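Read the structure below first, then the notes.
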Amino acid sequence: MKLKKELNLLDVFCITAGAMMSSGLFILPGLAHIRTGPSVLISYLFAGFLAACGMLSQAELASAMPKSGGTYFYVTRSMGLAVGTIYGLITLMALALKSTFELIGMAAFTNFIVSIDIKIIAFSFCVLFVSINIIGVKEAGRIQVVLLFCILTTLLIYIIKGLPIVRVQNFEPFTPSGLKEIFSTAGFVFVSYGGLLKIASIAEEVKDPGRVLPLGMILSLITIIVFYMLVIFVTIGVLGSEKLNNTLTPISDGAVIFLGSRGKIILSIAAILGFISAANAGIMGASRYPLALSRDDLLPGFFGKINKKFKTPHYSILSTGIIMIVALFLKLDVIVKSASCILILTYIFSCFANIILRESRLQNYQPLFKTPLYPWVQIIGIIGFGFLLFEMGKQALLISLILIAGGLFIYWFYGRIRTEREFALLHLIERITAKELTSHSLETELKEIITERDDIIKDRFDKIIENCTILDIEKSLSAEEFFKLISNKIADNLKMKPDSLLQLLLKREKESSTVISPGLAIPHIIIEGEHTFDIMLIRCKEGIVFPDVNAKVHAVFILIGTRDERNFHLRALAAIAQIVQNPHFEEKWLAAKNIEALRDIILLGKRKRI
């Protein structure tokens, strides 16, 4: 059963931005300021810059393969099932831990209003959000829109009111702990940008994902970085180091300075809304990883079941909620470090996946958004993320190794014996070594994804191409030799004698050349009979020599039909004309690996369908 496509650009923006507008802003600035002082601004900016490197890679991957499980899906299809299992499970843990952090923060702020144990409050909210997500992704998305509007409006008031009373003295000394601490703090606060991962995981439920996902991710990250910098700048400027270093509610305490006790209440409410938004988005995103792993037979099948009434993966959502409840009993510092550490690893994997998919030169890897400055963005991201990981210390590295070992254990004793899947790294090795290592299975899967992504509804032309004869000729031929070869191949299908068909083709060529552009010919003839129409595709690598034509022809489309098929004959010609207008058509045609790759070029070509 398929998931429903219900999310638009506003939903994507609000889910992504809302997932980042929480603990990273309402709690972490105080904890981070203790480490590095006012230069915490640089830590947030540097973390945001690196997040942008990872985000651009993810935006490209999401636009090419909008499937549930998001980056897990891309990593699996690029680096294989073993790496994919590790990645899927550690990302599930990262998002679940981050959402647990949101629940704890939400409970802490709520505790100001209601005197109930923090863990009970957090548990109650967890149950509530799990229930909302089971009911439907659209309902969860609507909540995100309302929540984010309220949060951003409140923060805008905070910035406007606070800027005039910022004291420059509060930024001195700017780097009391030195440069090294700035970068280790960047790793600590990197969890603030974890929300970017969440929307990729529900890509399958987004309308027009090839355009909407990259745009929503880019707009949300830019918005969040701007708000983070301005809000933290105001908070440092009005509170000063002494007050900021001794609070877990920095923004609310900052509001007291220029908005009074009423301001603290308003900002505390905004913080609660932020935590609600992030936790809700976290469950939404994290729960799609068990679903995706189950679809690939790397986890038990019940995780992949879709609720018949709500069209949501209810077992997957429930399992995510259980992980979060267990994590409530961990120490806050351990949760933050673990979540940041795993998120950094997931971004490294995304950059590697992007490079492998590009360099494998898979024909059907067709992202609608491409990362600018490739591959430098990915290289900078990998180096930068690796640097952050080492700066976070031995505990972070130990957590990483434990989780990687756990993922490998599950793959080795469960997934490995149940499934096999082709991946892009094999194509890259094949291209480098010139050895045959792959089939067409990954290309076929990518073709199906493009068909779903672009809402391609197959028409009669598609169905004919799916079953038509395709020839791949190595040596050079004259036009007559070529037509003779074709006549012998296709005559039986048309219930004609090869000689009769040959004469019709030669006669048509004498009337006027069927070479319509350099390298391309479309011979088309009318035959006797009724209700008959066929197409034949031919590639000749060394080229066919047509009379009175200087350039050799490498691509030939032969159309043969009866008179009653005249209208469709013209539509088929128009379809081919639209497909071959692609400026890279001939390059792709000559580079195609096999007959099925040639067929895919036509099936996925841009054209109007009837």
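Only one of the numbered conditions (1) surrounded by fewer than 24 Cβ atoms within 10 Å (Cβ to Cβ); (2) under 25 Å from Ile429 (Cβ atoms); (3) modelled with pLDDT under 85 is violated by Asn111, and that is (2). Being in contact (Cβ under 8 Å) with a residue 12 or more places away in the chain and within 21 Å of Ile121 (Cβ to Cβ) is true of Thr249. Can Lys458 be described as surrounded by 12 or more Cβ atoms within 10 Å (Cβ to Cβ) and assigned to a loop (DSSP other than H, G, I, E, B)? Criteria met by Lys458. Looking across segment 422-452, the residues that are of a type in the set (A, V, I, L, M) and assigned to a helix (DSSP H, G or I) come down to Ala424, Leu425, Leu426, Leu428, Ile429, Ile432, Leu442, Leu446, Ile449, Ile450.
For (1) surrounded by 13 or more Cβ atoms within 10 Å (Cβ to Cβ); (2) of a type outside the set (Val, Ile, Thr); (3) under 30 Å from Lys67 (Cα atoms), each residue gets a yes or a no:
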{"position": "Lys463", "(1), (2), (3)": "no, yes, yes"}
{"position": "Leu477", "(1), (2), (3)": "yes, yes, no"}
{"position": "Lys510", "(1), (2), (3)": "no, yes, no"}
{"position": "Phe533", "(1), (2), (3)": "yes, yes, no"}
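You will find that of Phe409, Phe390, the residue that is aromatic (Phe, Trp, Tyr), under 30 Å from Pro29 (Cα atoms) and not assigned by TED's automatic domain parsing to the domain that holds Lys593 is Phe390 and no other. Scanning segment 26-73 for residues that are farther than 19 Å from Leu368 by Cβ and of a type in the set (Ser, Thr, Tyr) gives Thr36, Ser39, Ser43, Tyr44, Tyr72.
Evaluate segment 455-477: report whether one residue or more is farther than 30 Å from Glu205 by Cα and over 44 Å from the mean Cα position of the chain (by Cα). Among the residues of segment 455-477, at least one is farther than 30 Å from Glu205 by Cα and over 44 Å from the mean Cα position of the chain (by Cα), which makes the answer yes. When every residue of segment 359-370 is checked against the conditions, at least one turns out to be under 20 Å from the mean Cα position of the chain (by Cα), in a helix (DSSP H, G or I) and touching a residue at least 40 places away in the same chain (Cβ under 8 Å). Of all residues in segment 249-282, those being more than 20 Å from Gly194 (Cα to Cα) and not acidic (Asp, Glu) number 20. Only helices (runs of 4 or more DSSP H) whose full extent lies in segment 134-240 are considered here, and the ones with at least 2 residues that are in contact (Cβ under 8 Å) with a residue 40 or more places away in the chain and closer than 19 Å to Ser287 by Cα are 137-162, 196-201.
For (1) out of contact with any Phe, Trp or Tyr (no Cβ under 9 Å at 6 or more places or on another chain); (2) of a type in the set (Lys, Arg); (3) in the same structural domain as His314 (by TED's automatic domain parsing); (4) part of a loop (DSSP other than H, G, I, E, B), each residue gets a yes or a no:
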site	(1), (2), (3), (4)
Thr100	yes, no, yes, no
Ile104	no, no, yes, no
Val114	yes, no, yes, yes
Ile120	yes, no, yes, no
Ser124	yes, no, yes, no
Phe129	yes, no, yes, no
Ile132	yes, no, yes, no
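Screening Gly260 with (1) of a type outside the set (Phe, Trp, Tyr); (2) touching a strand residue (DSSP E or B) at 6+ places or on another chain (Cβ under 8 Å); (3) at positive phi gives one miss only, at (2).
Each row is one residue, and each column tells you yes or no for (1) in contact (Cβ under 8 Å) with a residue 60 or more places away in the chain; (2) in a helix (DSSP H, G or I).
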residue: Tyr374; (1), (2): no, no
residue: Val377; (1), (2): yes, yes
residue: Gly381; (1), (2): yes, yes
residue: Leu397; (1), (2): no, yes
residue: Leu403; (1), (2): yes, yes
residue: Leu408; (1), (2): yes, yes
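Of all the numbered requirements in (1) touching a helix residue (DSSP H, G or I) at 6+ places or on another chain (Cβ under 8 Å); (2) at pLDDT 90 or above, Leu343 misses one, and that requirement is (2).
Looking at segment 1-67, what helices (runs of 4 or more DSSP H) fall wholly within it and have at least 1 residues that are surrounded by fewer than 24 Cβ atoms within 10 Å (Cβ to Cβ)? Don't jump to the end; show me each part of the working.
Details: elements: 9-20, 23-26, 28-36, 40-64.
Output list reads 9-20, 28-36, 40-64.
The values are calculated or read from the model by the stated rules, or taken from the named source; none is laboratory data. It should be emphasised that the depicted structure is a prediction, and the values quoted were computed from it without experimental measurement. Here the Cβ is made from the backbone with ideal geometry for all residues, glycine too, and neighbour counts use every protein chain on show.
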